[in-house]
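Take a look at the structure set out below.
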Amino acid sequence: MLIRRGPDIKASEITPKEIYLSRRHLLGGMAGAGLIAGLGGKADAAPLTAGKSAFSTDEAPTSLKDITSYNNFYEFGTDKSEPARNAHRLTTSPWTVKVDGMVAKPTTFALEDLLKPAKLEERIYRMRCVEGWSMVIPWVGFPLADLLARVEPLGSAKYVAFETALRPEEMTGVGGFFKVLDWPYREGLRLDEALHPLTLLAVGLYGETLPNQNGAPLRLVVPWKYGFKGIKSIVRITLTDKEPQTSWNMQAPQEYGFYSNVNPDVDHPRWSQATERRIGEGGLFAKRRPTLPFNGYADQVAGLYAGMDLRKFY
Ligand code: MTE
């Protein structure tokens, strides 16, 4: 019910028109060409051409304004409004992503080469933050599995570790005496989670290249997990046989586990996870929605965890 075929909503139908029109359209054309055209600048949005996906939800997308102004990207500050103000400092071109570890073909990809064969799709996903709010985001991206296939994981690989760029000279939130997190930001997935067709590497949203505050030029999107698994501005992907360290688990292991599957039955130690506030819906007094197991993607992913005690492996 929550997943439909061939979503038909155009970005222009739901984005406040002035915002949509004020964005800079540089070049149309093929997915790769459009994207590469957008890589020359810092925060310029370039249009992307993407096919539609059977995995999209038919819920109404959150406005572009909310998606790009209410962010978590601690490298640019801990307040929700800071990434939108500060992330323009991040230089996203040139950009390389090193894919290494237990693979037959370790490769450092220039972003253009990483994207050349990618078949971009629009995927409208429900996103649930561990803090109790949610959004619906029309991502543009391609399956992480497609990239992993290019480097040929070895049979011994069991997990995938991810790292964000660390650039104190550009990132306003990583300096100073008090470190909010142990940088660089790190995340990880089990290999079967990484290979699941819902798991995306996103390069855009609302039909254009990613704004920096949303993790340009390349970020992870795992819609059945809490939002913090969606690591931004990725520079390294490492296949390994050990469960990777993850930033929030290192910071507060009793609050944030490795799996972080959305689960209304397992409370955060300091608050319930049973309901959520949909951003853009009538402010603080809007009725909260019930949170769904695996964020509504249980039909697709519950099988990955068959036999596991999800209270223990939270
Ligand atoms: N990635 C990095 N590098 N640093 C961060 O602080 N925050 C995470 C995740 N990825 C974060 C990150 C959290 S807590 C959330 S909820 C999502 O990004 C938010 O993504 P969005 O701002 O695009 O909605």
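The values are calculated or read from the model by the stated rules, or taken from the named source; none is laboratory data. This one's a predicted model, so the numbers in the text were calculated from it and none came from an experiment. So basically every Cβ, Gly included, is an ideal-geometry build from the backbone, and we count neighbours across all protein chains shown.
Within the range 186-210, the only residue that satisfies the criterion of being more than 9 Å from the ligand (Cβ to nearest atom), of a type in the set (D, E) and part of a strand (DSSP E or B) is E208. For the residues F162, F178, the requirement of being within 20 Å of F76 (Cα to Cα), within 16 Å of the ligand (Cβ to nearest atom), without any contact (Cβ under 8 Å) to a residue 24 or more places away in the chain and of a type in the set (A, V, I, L, M, F, W, C) singles out F178. Annotation note: of E112, E152, the sole residue that is more than 16 Å from the ligand (Cβ to nearest atom), of a type in the set (D, E, K, R), over 17 Å from the mean Cα position of the chain (by Cα) and over 20 Å from R190 (Cα atoms) is E112. If only residues of the range 260-271 that are out of contact with any helix residue (DSSP H, G or I) (no Cβ under 8 Å at 6 or more places or on another chain) and in contact (Cβ under 8 Å) with a residue 24 or more places away in the chain are counted, the one that is farthest from L181 (Cα to Cα) is V266. In summary, L39 fulfils each of the numbered conditions (1) buried (at least 20 other Cβ atoms within 10 Å of the Cβ); (2) out of contact with any strand residue (DSSP E or B) (no Cβ under 6 Å at 6 or more places or on another chain); (3) at pLDDT 95 or above with the single exception of condition (3).
Could you say which residue among V222, V266 is β-branched (V, I, T) and in contact with a Phe, Trp or Tyr (Cβ under 6 Å, 6 or more places away or on another chain)? None of the others qualify; the one that does is V266. Scanning the range 46-74 for residues that are among the small types (G, A, S), more than 16 Å from the ligand (Cβ to nearest atom) and assigned to a loop (DSSP other than H, G, I, E, B) returns A46, A50, S53, A54, S56, A60. S247 - would you say it is of a type in the set (S, T, Y) and on the phi > 0 side of the Ramachandran plot? Taking the combined requirement at face value, the residue does not satisfy it. The residues of the range 82-109 that are under 17 Å from P184 (Cα atoms), more than 16 Å from the ligand (Cβ to nearest atom) and of a type in the set (S, T, N, Q) amount to a single one, T96. Of the listed requirements (1) surrounded by 15 or more Cβ atoms within 10 Å (Cβ to Cβ); (2) within 16 Å of the ligand (Cβ to nearest atom); (3) modelled with pLDDT of 95 or more, D79 misses just one: (1). With the condition kept exactly as written, say whether any residue in the range 247-261 is within 12 Å of the ligand (Cβ to nearest atom) and either within 20 Å of T57 (Cα to Cα) or among the β-branched types (V, I, T) (or both). Checked against the condition, which is being within 12 Å of the ligand (Cβ to nearest atom) and either within 20 Å of T57 (Cα to Cα) or among the β-branched types (V, I, T) (or both), the range 247-261 yields no hits at all.
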